[in-house]
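S.K.: Sharing a structure with you now.
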Amino acid sequence: MMKKMVGGSRKVAPANSELPKTVDVAYRTLREWILQGHLVAGQSLPEAELALQIGVSRTPVREAIGRLSAEGLVVMERYRKHVVAKFDEDGRVEIMELKALIEGRAAARAATRLDDSEILYLRDLSNRMERAVREQGDAAHSLFDELNREFHALIWRAADSPRGERILETALSSPFNVLGRLDASLSQSMERACWYHHEIVSAFESRDPERARMQMIAHELSLITTHFPGRS
């Protein structure tokens, strides 16, 4: 049985001209439910029930499930039954490795595109994350996550790589409840991230694309050794 999600009355099926808009609503809603864990790995996705929950007709839901399938968040089982994808350890590590390569490319591009004020702001973000972890430990997670997203988002804006952002969109927003439970403590993970953030900013200050690339890749790959100690 499906978990109860966001309530809402069923709406009248939209006119054809509104279909792209309702498909986008269905896609973003389902994607958010998956990424936030409201729809869990292995859970079936009955179109009629989802359409009722979201407040659209079945057609946008069907289209949205197709898009999620292309992203790898949904898979089809026997009898054309769609379910939320499961990620084993190998799958989680592969996502993290691919993310590292694309993030590294973005950092290399950003190294020669960031202006001095942006680099100064990245340094400030890095210092604020470090201070929060030092003073609050695991309790800094919420603030750290907010600052970390801002840190990486600024790098991506400077990289000016919309194709790269689209490719990476799923990986960037895939939370740990989709990728699986991670073993390391939050403070351990955040402390290591802070060290790499400082190194990345130093590379930007030196206007060194290759150093920025390698430090960003090392930063992302460090998550693998932090959370999966048995993996090299």
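S.K.: If I model the stretch 124-166 as equal point scatterers sitting on the Cα atoms and use the Debye formula, what is log10 I(q)/I(0) at q = 0.15, 0.28, 0.34 Å⁻¹?
M.R.: After summing over all Cα pairs, the log10 values are -0.43, -0.88, -1.11.
S.K.: Moving on. As a test question: what accessible area, to the nearest 10 Å², does Leu52 have when a 1.4 Å probe is rolled over all protein chains in place?
M.R.: My reading of the accessible area for Leu52 is about 80 Å².
S.K.: Could I ask something else about it? On a full-extension model of 0.36 nm per residue, what is the gain between Leu143 and Ala218, subtracting their alpha-carbon distance, rounded to one decimal in nm?
M.R.: 24.7 nm
S.K.: What length, rounded to one decimal in nm, is gained on full extension from Thr112 through to Glu32, with 0.36 nm per residue of separation minus their alpha-carbon distance?
M.R.: Gain in length upon complete extension: 25.4 nm.
S.K.: For Arg58 and Ser206, FRET efficiency with R0 = 41 Å and r from the beta-carbon atoms, rounded to 0.05?
M.R.: 0.15
S.K.: Residues with amide H under 5 Å of Gln43's amide H, sequence separation 5 or more or different chain, H placed in the peptide plane at 1.01 Å from N; which?
M.R.: Result for Gln43 returns Val84.
S.K.: Between Ala70 and Glu165, how many nm apart are label points set 7 Å from Cα along the C-beta direction?
M.R.: Result: 1.9 nm between the two label points.
The values are calculated or read from the model by the stated rules, or taken from the named source; none is laboratory data. Not measured: the values here are computed from a predicted model. Ideal geometry is used to build each Cβ from the backbone, glycine not excepted, and the neighbour counts take in all protein chains shown. SASA here: full protein model, heavy atoms, side chains in, ligands and nucleic acids out. Shrake-Rupley method; radii C 1.70, N 1.55, O 1.52, S 1.80 Å.
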